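**Q** Here it is, the structure, as C-alpha cells.
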Amino acid sequence: MNIVVPMKQVPDLVEELEIDSSGKDLDREWLKNKVNEFDDHALEEALLLKEESGATVTAIALDGDDIDKVLFAAAAKGADKLVKVTGIDGAVSSHEAASVLAEAIKGLGADVVMTGVQAVDDRDGQLAVLLAHKLGFAHVSVVTGVAPEGDKLTVSKEYGGGVIAEFEVTTPVVLGIQAARQTPRYVPVARVRQAMKKSSVDEVAASGTGTDTGSVVNRMFKPEGGGNAEMIEGSAEDQAAKIVEILTQKGVK
C-alpha cells in the first residue's frame, strides 16, 4: 500500500499577526510558520499504518520557504519518500493546491491519500474532497482512525455531537484526517539533521494550474477590542461573592 501525505505550512497563530498594505493578506515578511496541525495528524496516521501493514509513506508539499525542513522532519519521523512540487508557492487556495497536487500524485501510484481535514488559512477545508474529485478516488473526511482489513480499510468518521461511524472502503481513496489515533510523534532536531544527510527530496514541476474557483479575500480586519472585561480581585470567597452578584444583576438564577 502506497500512502501519500500532502504537507503544508501555515501561520503560527501564537505569533502577533499583522495585515499587509494591501489589506487582503497577512504581512508575511517576518511571519513565523509551522506545520499544519491536521497534516501532522495525517502523517502520524499514515506512519501507524506503515507500522501495522508495511505500507510505504510519501510526504509531498508545494514549494515554499523552509518547506524542505517540513519534508525532512517527515523523513525523520518515518516517511520513505519526499516530493516537492516546484513552480508554485504553497500559499495558494485549496482549489489551486488540489489541482497541482492531484497532477503530481497521479505519478506516484498512490493507493491512499491522507491529508489534513482543514488548515487555519484555507478558508473552506475542502482540499481532501477536491483531491478526491480530481483523482477520481473515493473520499471520507473528518476521519479519526484507520485500520487495515485485508485489501480494504475500516475508517472511523466523526459526526456532530461526537457520534462516530465506521466505513469499509476500498482503495484508491482520499481521507481527510481530523485526528490520528495517537498524538503525532516528536522528533528531535538531531534526527531531522540526520534525515537531511540521508534523505533526498525529489522535485516535480507543477502542472494543472490556472484554476480561478474558490473564495476571494476583499479585505481583512483585525478583531476590535470589546472593552467589557472586568478583573475580579480579592480572596476566593470575595471573588465568588462578586461573581454571584454580577450573575444576579444579569438575571441569572
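What follows is calculated from the coordinates using simple rules that are stated; it is not laboratory data. This one's a predicted model, so the numbers in the text were calculated from it and none came from an experiment. Note that we place each Cβ from the backbone using ideal geometry, even for glycine, and neighbour counts take in every protein chain shown.
**Q** Using modelled amide H (1.01 Å from N, peptide plane; none on Pro or chain starts), what sits under 5 Å from the amide H of A55, excluding residues fewer than 5 places away?
**A** K50
**Q** For a Förster distance of 35 Å, can you work out the FRET efficiency between the beta-carbons of V14 and E237, rounded to the nearest 0.05?
**A** Efficiency, rounded to the nearest 0.05: 0.50.
**Q** Considering the values (1) 37, 24, 20; (2) 41, 21, 16; (3) 30, 21, 18, which represents semi-axes √(5λ) of the Cα gyration tensor in Å as calculated for the structure under consideration?
**A** Computed from the coordinates, semi-axes √(5λ) of the Cα gyration tensor in Å corresponds to (1).
**Q** To the nearest 500 deg cm²/dmol, what mean residue ellipticity at 222 nm is calculated for the chain from DSSP H runs of n ≥ 4 alone, each contributing -39,500 (n - 2.57), summed and divided by the residues?
**A** Taken over the chain, the calculation gives -9000 deg cm²/dmol.
**Q** A further question on this structure: Report the FRET efficiency, 1/(1 + (r/R0)^6), for A229 and R185, where r is their Cβ-Cβ distance and R0 is 22 Å, rounded to 0.05.
**A** 0.05
**Q** Which angle from 0 to 90°, rounded to the nearest 10, does the C-alpha axis of helix 37-53 make with the longest principal axis of the chain?
**A** Orientation of helix 37-53: about 40 degrees from the principal axis.
**Q** Using a Gaussian network model of the chain whose springs link C-alpha atoms within less than 10 Å, name the residue from G78, G145, G234 with the highest mean-square fluctuation.
**A** Looking only at G78, G145, G234, the biggest GNM fluctuation is shown by G234.
**Q** List, in order, the whole-Hz ³J(HN,Hα) value for each residue of region 96-103 obtained from phi through the Karplus relation with A = 6.51, B = -1.76, C = 1.60 and θ = phi - 60°; use x for Gly and Pro.
**A** With coefficients 6.51, -1.76 and 1.60, one gets 5, 4, 5, 4, 6, 5, 4, 5 Hz.
**Q** Here's a follow-up. How far is helix 67-77 tilted off the main Cα axis of the chain, in degrees rounded to 10, range 0 to 90?
**A** It is inclined by approximately 80 degrees.
**Q** Among K81, K197, which comes first, then next, by fewest other beta-carbon atoms within 10 Å?
**A** K197, K81
**Q** Considering the chain as a Gaussian network with a 10 Å cut-off on Cα pairs, which listed residue, V174, V142, V216, attains the greatest mean-square fluctuation?
**A** Result for the chain, Cα springs under 10 Å: V216 fluctuates most.
**Q** Could you give the distance between the Cα centres of region 103-135 and region 60-74, to the whole Å?
**A** Their Cα centres are 16 Å away from one another.
**Q** On to the next question. Quote the charge dipole size of the chain about the Cα centre in Debye, to the nearest 20; the model charges only the Cβ of Lys and Arg (+1) and of Asp and Glu (-1).
**A** The calculation lands at about 560 debye.
**Q** Scanning the chain for GluC sites (Glu not before Pro) in DSSP loops with at most 14 other Cβ atoms within 10 Å, what's the longest stretch left with none?
**A** Here the longest segment lacking exposed loop sites spans 30-223.
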